[in-house]
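What follows is a short report on a single structure.
The values are calculated or read from the model by the stated rules, or taken from the named source; none is laboratory data. Small disclaimer: the values here were computed from a predicted structure and weren't measured. All Cβ positions, glycine included, derive from the backbone under ideal geometry; neighbour counts span all protein chains shown.
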Amino acid sequence: MGEARRVFVSAVGSKRGRQGAPGQKKAKGQKAHGQKVMGQKVTGQKVAGQKVAGQNAKAKDAAMAPAPAARVSTVKEIAAIAKVSVATVSRALQRPEIVSETTRQRIHDVVKRLGYTPNALARNLRTARTRLIVALLPDIANPFFSEVIRGIEQVAHENGYSVLLGETQGSLVREQAYADMVAARQADGIITMSPRVPAIPIQGRLPVVNACEYVKDGQVSSVYIDNVAAAGVAVDYLVMLGHREIAFVAGPPSSPISVDREQGYRAALQRAKLPAHAALVAAGDFSIESGERAVELLIAQGKPFTALFCSNDEMAIGALRALSSHGLRVPEDVSVVGFDDIRFARYTSPPLTTVAQPKNALGREAMSMMLELLNDPAVPPRKRVLSADLVVRASTSPRGAGRG
């Protein structure tokens, strides 16, 4: 079994939207001020008819008096002692990686000596931000989204934000519940991984970014791959291996990316001057079980095929199981290609040839777009298209290569 190899690197280009600038605008650090508690002055009270005299009486009175309240250090005091600006102190506390090591250490020494603790609540009240982003995904069990979420969380953490995961299960009610959090200022924005834009009853630009899918709203920034081109590359590869009867397991028709992948499949057949047979197409819902059912249907329809392209890896895994149950060997009898390159794709038997999406990069770019929008609501919406690669593994081979 040979190692996986990548072909058509960066071959998936963009014609769907304009390319965003390569540089990303980072979130600016927020100033953090402590709360100053004024010391209380305790004065003695004169009691008629009594004379308090002598050092012992004064000492006794002082011992019984309430202690002055402790002063809380402020960022200004730290800056003065460390001989830096207030802004530098804020950066050292919130984004230490952008402050020189010498300056950072000097500030931290002063912070430690004074026992200063940043008041996050006061900072958030001043900036009117929760520093919380909601990431909406349709199915938390789908392993594709784990790497996207990791990319979102990485950039969020680097910029002092937290991420709340929300699984919608395709429910509009669930989506709206999370959208209402933004309207109620319980979250700053939403990164959605479905083709719908939640309705948020606020004025101005909606704090929404879309990742992986397509949305019709031109005011929503999005990051995705060109699914038409990526699917075409996968089918072109099967054609190059000599396959002529290429079956297809589509995703749900409600998903724009599913529609685009079928379009890419059909366009590749047309380029190769191959007919598109209805009996060679079956639909699933992106789950393993649906991939297995789809192959059962394809086999029952009686139209032979030597290659199979699936709209995602989970359905391809189900397809491998169904083919095996019918005594069909992969790739000797049927070559199989998936889409996404989830972690499990390399561990199937045989390892799965698949279109690799830049999952971590999709998440990082989506969160970077969100930070741009939160820092400047007037920033123009962007449509960023990333490239995808075809990763060739052992589930594909030339037509007839294993037949004796």
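Scanning the range 335-357 turns up one or more residues that are over 27 Å from residue 150 (Cβ atoms), crowded, with 20+ Cβ neighbours inside 10 Å, in contact with a Ser or Thr (Cβ under 9 Å, 6 or more places away or on another chain) and among the small types (Gly, Ala, Ser). None of 60, 83 is among the basic types (Lys, Arg) and at pLDDT 75 or above except 83. Annotation note: of 205, 244, the sole residue that is modelled with pLDDT of 95 or more and basic (Lys, Arg) is 244. Name the residues in the range 300-339 that are of a type in the set (A, V, I, L, M) and either outside the structural domain of residue 249 (by TED's automatic domain parsing) or farther than 24 Å from residue 240 by Cα (or both), would you? Within the range 300-339, 300, 322 qualify.
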